[in-house]
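One structure is given here, and the rest of the page talks about it.
The values are calculated or read from the model by the stated rules, or taken from the named source; none is laboratory data. Being a predicted model, the structure only gives us computed values, none of them experimental. Using ideal geometry, Cβ is built from the backbone for each residue, glycine included, and neighbour counts are taken over all protein chains shown. Each accessible area value is taken on the protein alone, full model and side chains, heavy atoms only, with ligands, DNA and RNA left out. Shrake-Rupley method; radii C 1.70, N 1.55, O 1.52, S 1.80 Å.
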There are 4 protein chains.
Amino acid sequence: MAGNSFGRIFRITTFGESHGNGLGVVIDGCPPRIPLTREDFVRDMVRRRPGAAPVASPRKEADQVEIQSGVFEDITTGAPLMLFIRNQDADSRPYEVLREVFRPGHGDYSYFRKYGHFDFRGGGRYSARETAARVAAGVVAGKILDPLGVKVVAYTLELGGVKAKDIDLSLIEKSLFFCPDLLASKKMEEIVSNARKEENSLGGIVEILVKGCPAGLGEPVFDKLDADLAKAIMSVGTVKGVEIGAGFEAVRLRGSENNDPITPKGFRSNHAGGILGGISNGDDIVLRAAMKPVPSINLEQDTIDRKGQPSKLRFAGRHDIASIPRIVPVLEAMVKLVLADHYLRSKAIDSNDSQRRQF
Amino acid sequence: MAGNSFGRIFRITTFGESHGNGLGVVIDGCPPRIPLTREDFVRDMVRRRPGAAPVASPRKEADQVEIQSGVFEDITTGAPLMLFIRNQDADSRPYEVLREVFRPGHGDYSYFRKYGHFDFRGGGRYSARETAARVAAGVVAGKILDPLGVKVVAYTLELGGVKAKDIDLSLIEKSLFFCPDLLASKKMEEIVSNARKEENSLGGIVEILVKGCPAGLGEPVFDKLDADLAKAIMSVGTVKGVEIGAGFEAVRLRGSENNDPITPKGFRSNHAGGILGGISNGDDIVLRAAMKPVPSINLEQDTIDRKGQPSKLRFAGRHDIASIPRIVPVLEAMVKLVLADHYLRSKAIDSNDSQRRQF
Amino acid sequence: MAGNSFGRIFRITTFGESHGNGLGVVIDGCPPRIPLTREDFVRDMVRRRPGAAPVASPRKEADQVEIQSGVFEDITTGAPLMLFIRNQDADSRPYEVLREVFRPGHGDYSYFRKYGHFDFRGGGRYSARETAARVAAGVVAGKILDPLGVKVVAYTLELGGVKAKDIDLSLIEKSLFFCPDLLASKKMEEIVSNARKEENSLGGIVEILVKGCPAGLGEPVFDKLDADLAKAIMSVGTVKGVEIGAGFEAVRLRGSENNDPITPKGFRSNHAGGILGGISNGDDIVLRAAMKPVPSINLEQDTIDRKGQPSKLRFAGRHDIASIPRIVPVLEAMVKLVLADHYLRSKAIDSNDSQRRQF
Amino acid sequence: MAGNSFGRIFRITTFGESHGNGLGVVIDGCPPRIPLTREDFVRDMVRRRPGAAPVASPRKEADQVEIQSGVFEDITTGAPLMLFIRNQDADSRPYEVLREVFRPGHGDYSYFRKYGHFDFRGGGRYSARETAARVAAGVVAGKILDPLGVKVVAYTLELGGVKAKDIDLSLIEKSLFFCPDLLASKKMEEIVSNARKEENSLGGIVEILVKGCPAGLGEPVFDKLDADLAKAIMSVGTVKGVEIGAGFEAVRLRGSENNDPITPKGFRSNHAGGILGGISNGDDIVLRAAMKPVPSINLEQDTIDRKGQPSKLRFAGRHDIASIPRIVPVLEAMVKLVLADHYLRSKAIDSNDSQRRQF
C-alpha cells in the first residue's frame, strides 16, 4: 500500500537506503524447488555496479547478494526469500549540506513535502542505489522465465544525442554502454567524456526486447501486460517516457499501415510490440524507455532551503553522467519481474487445455 | 488479481461486455457523505458518447448511469457504489463472422490464445465501450478532487498528423476533437473526413494537464505517482506510449537544461511534469499519450482463422476513425482515478502536521 | 480496501442494500470455460430463501440470480462475472423509525459512528440479506471445486439449546433446520415456535465439513487455510466464535491425546480438523461456528437516539427467530470461496511435480 | 499472495526460518516521524523470549531487534522498516532425523505435500520462532495506537485445565504465565511441572482485552474488525478456536439476554465484545483464543516417513510444554497489528467530521 511492493503472485517488497545498512528485497510467492545460490546474482550485480564504465560513479561496492531466507540446501523452499546487499563504501558526510537545501531535479523537495523527515544521505530511499534490490529480485524472476525459453535483453539506443544505427545484439556486452552498435558506442564514450568535463549530465533511450514470450500473458482490463510494463519501467528513476512497439511513431500511421497482418507463420510486422488487447500475442515484446539526464551535476543551481529561502547549490558528490549504462540491467529486471508475475498469474486460472494454445 | 480492478483505497472493479446487458463498475472505498446523483454523470458520458462528432461511430446510446447501490438520499454512504450503464443499440449479428476469424490489430487473437473462449461480439470485454465504466467511475473520483481544487483537463495535441499550435484551453469544448487550437481542429475535420472516405483510420496525441495538485501524492518506490499514471493511461486501448513533462525530449537535454530550478515562488520550469522522485511537487502535472490508429478499418486485411488457416477479412462494422475525441474524457477519468486514490492513500499515513507542508 | 472484496485470485466484490435496487457480486478471477447458467443458482438460493422454514422471516423473494456479464453462450469467458439479485418485496416504511433510534445488537450505532450517514432501511448494507450475494458467488466457487471432488456440507449441531446427537448426513435436507438428527430437529421446531410466541430469538452452532480437500492448500504464515476460514466465517453476521477440529476442547487434552498419529492409510484421528501448519493435510476439514441469537426481537429495549438521548425501542419488523437455518448455505458458500481461492493460489506456484504429492 | 504479508495499509511481510540466519519483517506503510529505537523492542521481546519461565524452552536467545532501514536519526521516515532478529543458539543437528520422518501434530507432513522441499530444521518456517517477527512488528503498531490511548493486554485464562477465577489485571506481569490470578498461576506451575515429567504438553486459553478503542474501526462486509481479528489470531500456530464477547456462550442466550442495551453513558453489557456489524462500538474489545497442547512431546508416536512407510518417532528436541506464556505477547502483537491497520484505513476515508463521532 505504501508503494514498496510490486507484483501480485511473484511479489517483491524492497527496503533500505543509500547510506543505511544496506538494500534488500523480500520475495513472497517464489515457487519451491528452484535452484538458487549467491553466485546466480553475480553477473547482473556486476553489470549494474558503479564504476564498471567511464560513465559511472567511481563509488566501488562489492554488491554481493546475501540469501538470508527461503533457500535450503541451495533450493527455494516456497518460503519468502530475503536478499540483502550491504552498503560498504558509503561516506555520508558530503551530504550533510542536503539537510537544509533541496537539489533541483531530485526527490528532496517532494519527499520533504510528503514526509517532513527523510534520510537525505545520498538520496536515501530515492537513491538510484535502491535499484540494486530490483536487480537481485530480477535474477530470481529470471529463474522462472529461463525454463520457458523467455529471454529479456535491454540495450542502449541513444545516449547524449548519439544514436545506434546498426543493431547487432551479439555486441551488447562488448560495449561500455550496452550499445549494440560499437561505432555508436565509441562516440558515446566521447560525448560522455565531454559531459564529465563540463560537469554536466546526459539522457538517453534504452530498448528492451523480449524473445520467446508465450501468448496469453496479461490480465485485462487494467493489468494489461503493456500497462504493467509501463508502470514497471516508469517506476525507475530518471525514466520520463515509455512506449511499446511503434509507440509514438504509430500516431502518424494509418490503420492499414499500423495493423500487423496475421499469417499462419505469425505476424507479418510488429507495430503492436507483441501485445494486443493487453495480452501477449507470442511475438517479440518491444519497449523503449526515455531517460532524462541525471539531475546530479556539479554546476551551481538555484534552489531554496527548508525554510523556503532562496539558495545556491553546487554539490560535488560522486555521481553518474547518465543513468545509462547502469540502468540497462535494472530495466531488464523490471521486465522480468512483470513477466514472471504474469506467468504465475496465468497459471492460476489456466484451464490446462493445451489444445487451444496451439494450431 | 484478474485485472479488472484498479486503485488501492478508491478501488474500482469494472465488468460487462460491448454486446451483453451492459457495462458497470463497483467502487469500493468511496468516502461517505459525498453528494451524488445520476445527473452528475451526464456531462462526461455525453463527451464520451459515440456519434457526438464526425470522427465517431454512428452507434447511438443514451449511456445513462444508474446508481444501483451505495447512495442513500443522494449522498454516498461508504458502502460500495455500483454504477450500471445498459447496452441498448447493440446489434451483434454483424460480428458473427468473428467467431472464426481474427481481426488484425484487435485483441481477438490474443484473447483466443489466453481464454480459448470469449464474447467476440463487438470486441466483447476488450471493446472501447468498456471505457464507459471508467468514465462513470472518474466522475466519482472527481467529486473527491473538486473540493481540493484539483482540475484535470485533457485535450488533443495531434490527430492524423495535424498538430495544435496555439494552445488556448478555453477553446477545448468548442472543438469537435477537444483541440485547444480551433484552426488545427478545422484541419483535423478535413483529414478525418478523408480517412473516412478511404475507409482507413488515424492516430493522435492527447495531453493531460492537472492543475492544483497538492504536493506529496505518490508512494515510492513502485507506486510512484508517474508510474501509476503511466499504467492508468497505458491500460486504455490504442495507447502505445506515455510520457511525462519533457518526456522523450528530455533525452536530448543536459542536466543543467532539464533540471527545474526552485525558487521561493515555485519551480522556474517544469520539465519534471510536476513529479519528482515519484511524488507530486505542487507544480502542474503534464502527461502525453500516444494513440495508434484504431485497428477497425473497412479495407481487406490478411489474417487467419481459429484453425490457423490463412483468411481475408473485410469487416464493415460501425467504428470510429480515431480514438480521439472519445478517448479524451476517458484519459481524464483515468488520471482522476489515480489522483483520488493517491490522495486517500496519503491521508492514511498523514501525520496531520500541516506545518511541514508550508513555508 | 474498504472491505467489500474477498479472496485473492478468485476475488469477489459484493454490493447492494437490503431495501435498495438489489444485491450483487462481481467475481474477478473465475477461470474461463466453466459451464454456468442461472439454473445453477436455484438450489442454494432456495435453501437460503426467507420463508422456507418456520424459523425464517416471512418476507418472500424470488431471489433469482441474473448473470449480467462474464458468461457467453453459457460458458464463463474469463471476464468478470456480475451476478445480480433484485429486491422485490422490500417495504421500507417500517424502518423510518430507525432514522433516529439505534437498535441494540445491530450495526446501527457503530455504522453511525463510522459513516455519519447510512441506508438504515432493513439494516441496509449490514442486513443479513447481503449474504444472498455470497451464496451466489459460492455457487460459482463450487463449480471450481466439484471437478476436484471437494464436497462442502454444513449442518446444524445446536439450536436454542437443543443439540443434535445422532449425526446422519443423509438427513440434512430433510430437516427444516438442516439438522442431521431428525429427532433433534423436531425439538428445534418446538423451541423455535416458543421463542416466536415470546417474541424473542435464539442462537445455535453450525458445523461445516469438507470432504475430499486435496493436501497442500493454504499459504503460511498469515494466509493459513484455517486463518482464512476463520475470517470467512467470522465475517458472517451473528457469528461470535469459530473453531477448527477439536477446537476449544483441545485446550484440555494432552499433546499425546491431541496429536493425530499418521499411518500409511492416513491420520488415525482428526483433532487437527484437516489442517496442519495452516496447510490442508488431505483429511476432512471440520469447522464449527457459534451464532448469537439474532438481535431483532419485538420486545421493548433500552437504547439511545442519534442525539445521544435515552429512548425505548419496540420494533415490530419482519425477522428470523434464528440465523439458522438460513445461515447454513451461507457458511457453505464462505468455505467454498476460501477453498476455490486457495486452490487457484496453489496452482499459481505449483511446480507441476505430481510425484511429491503421492506415496 | 503467498501468505507472508498481513495488513493493508500498515502492511507487514515476515521472512526467515528457525535455524537459518534469522527472522525478520518489513513494515511498509508506517507513518513518518514516529520516534523509534531498538530499545523500544526490548520489553516485548523479553516477554516472548524462550526460557523466561519454567514452561518455556531452555533455548536462550538475545532476540535483539536490529532496525535495518526506515529510521533516520531515531525517527521513522515513511520508508519501509526492516527489523531483523538474528538466530544465535541454533543447533540444527538434532533435527536431521526429520529429513525422513513427519512429526505428528506439526506442519511437516502438510509442508511436504505442498512444497516437496522445505527447511525442516526446528520447524523452519513454521516454527513458533517465526512469531518473533510478529512481536517486533507489533511494537511498531503499538507506537501508532499509544497516542490514541488504545491499550491491548492479553492474559492466561486457563492452562492445562487450571482456570483463573479472580481476575486482577495488575497482577499479570507478576505471574510466570501472565495469569491475572496468582493462586491459579501457582497451580499452573505445578501442572506444568508434572507435564514436563511426563514428557507431555498442555493447552490453554488466552483472553485479549482492548481498552480505549475508538468507535468506527472495521470495514464491512468482509474486513469486519472481528473477522480480521479472528484471522490474525487463528494465524498463530496452536490456536484452534477464537471467540469474541460472549462467544460460544452466546449460543444459549436469548436475544433479549444477549443484546447489549445502549444508554447515554455507553452499553449496559458487553456480550458483543465491543464490535457491532463488524465495526468497533467504542466499548472494550474482548477476544479469547483456544490453544491446543504443543505437538512437540518426547513420547513415542506413530507416524510415517517420506516414502509413506510406517515409522515410530521419539524426538527429544528442546520445546515448550505449552504455547502459554510465550504466545501471550504474540497475541497482543497480532491484535495491535489489526487495530493499527484499521485505524489507518479509517483515516483514509474519514470525512474529517468530528461532530458525528461525539454526542
Quick one: in segment C:92-104, of everything that is open to solvent by 10 Å² or more (accessible area, probe 1.4 Å) and of a type outside the set (Val, Ile, Thr), which residue is farthest from the other protein chains (Cβ to nearest Cβ)? C:Pro94
Subset of segment D:181-210 (residues that are over 30 Å from D:Leu337 (Cα atoms) and within 14 Å of chain C (Cβ to nearest Cβ)): D:Ile191, D:Val192, D:Asn194, D:Ala195, D:Arg196, D:Lys197, D:Glu198, D:Glu199, D:Asn200
Please state which of the following conditions B:Met82 fails to meet, knowing it meets all the rest: (1) surrounded by fewer than 24 Cβ atoms within 10 Å (Cβ to Cβ); (2) within 23 Å of the chain's Cα centre (by Cα); (3) within 12 Å of another protein chain (Cβ to nearest Cβ); (4) more than 30 Å from B:Phe315 (Cα to Cα). (1)
Within segment C:216-263, track down each residue that is of a type in the set (D, E, K, R), closer than 30 Å to C:Ala132 by Cα and in a loop (DSSP other than H, G, I, E, B). C:Lys224
For segment C:282-294, give me each residue that is aliphatic (A, V, I, L, M) and at the interface with another protein chain (Cβ under 7 Å from one of its Cβ atoms). C:Ala290, C:Met291, C:Val294
Just the residues that are over 21 Å from B:Glu257 (Cα atoms) and not charged (D, E, K, R), please, taken from segment A:283-311. A:Ile285, A:Val286, A:Leu287, A:Gly308, A:Gln309
Considering each of A:Leu229, A:Leu225, A:Leu202 in turn, give the residue that is surrounded by 21 or more Cβ atoms within 10 Å (Cβ to Cβ), farther than 21 Å from B:Lys224 by Cβ and touching a residue at least 24 places away in the same chain (Cβ under 8 Å). A:Leu202
Can we say C:Leu253 is hydrophobic (A, V, I, L, M, F, W, C) and at the interface with chain D (Cβ under 7 Å from one of its Cβ atoms)? yes
Residue check: is D:Ile285 among the aliphatic types (A, V, I, L, M) and without any contact (Cβ under 8 Å) to a residue 12 or more places away in the chain? no
If you go through segment A:140-152 one residue at a time, do you hit one that is open to solvent by 20 Å² or more (accessible area, probe 1.4 Å) and free of Cβ contacts under 8 Å to residues at least 60 places away in the same chain? yes
From the list D:Ile297, D:Ile279, which residue is closer than 23 Å to D:Val150 by Cβ, aliphatic (A, V, I, L, M) and either open to solvent by 20 Å² or more (accessible area, probe 1.4 Å) or facing chain C (nearest Cβ under 9 Å) (or both)? D:Ile279
Taking segment A:333-349 and keeping residues surrounded by fewer than 24 Cβ atoms within 10 Å (Cβ to Cβ), more than 21 Å from the chain's Cα centre (by Cα) and in a helix (DSSP H, G or I) leaves A:Ser346, A:Lys347
For segment A:258-298, enumerate the residues that are of a type in the set (S, T, N, Q) and under 30 Å from A:Leu313 (Cβ atoms). A:Ser296, A:Asn298
Return only the number of the condition from (1) in a helix (DSSP H, G or I); (2) open to solvent by 20 Å² or more (accessible area, probe 1.4 Å) that B:Asn270 does not satisfy. (1)
So D:Tyr126 passes all but one of these: (1) open to solvent by less than 20 Å² (accessible area, probe 1.4 Å); (2) within 14 Å of chain C (Cβ to nearest Cβ). Which condition number does it fail? (1)
Unique residue being within 18 Å of the chain's Cα centre (by Cα), open to solvent by 10 Å² or more (accessible area, probe 1.4 Å) and within 30 Å of B:Val294 (Cα to Cα) when the list is A:Glu173, A:Glu243, A:Glu249, A:Glu257: A:Glu243
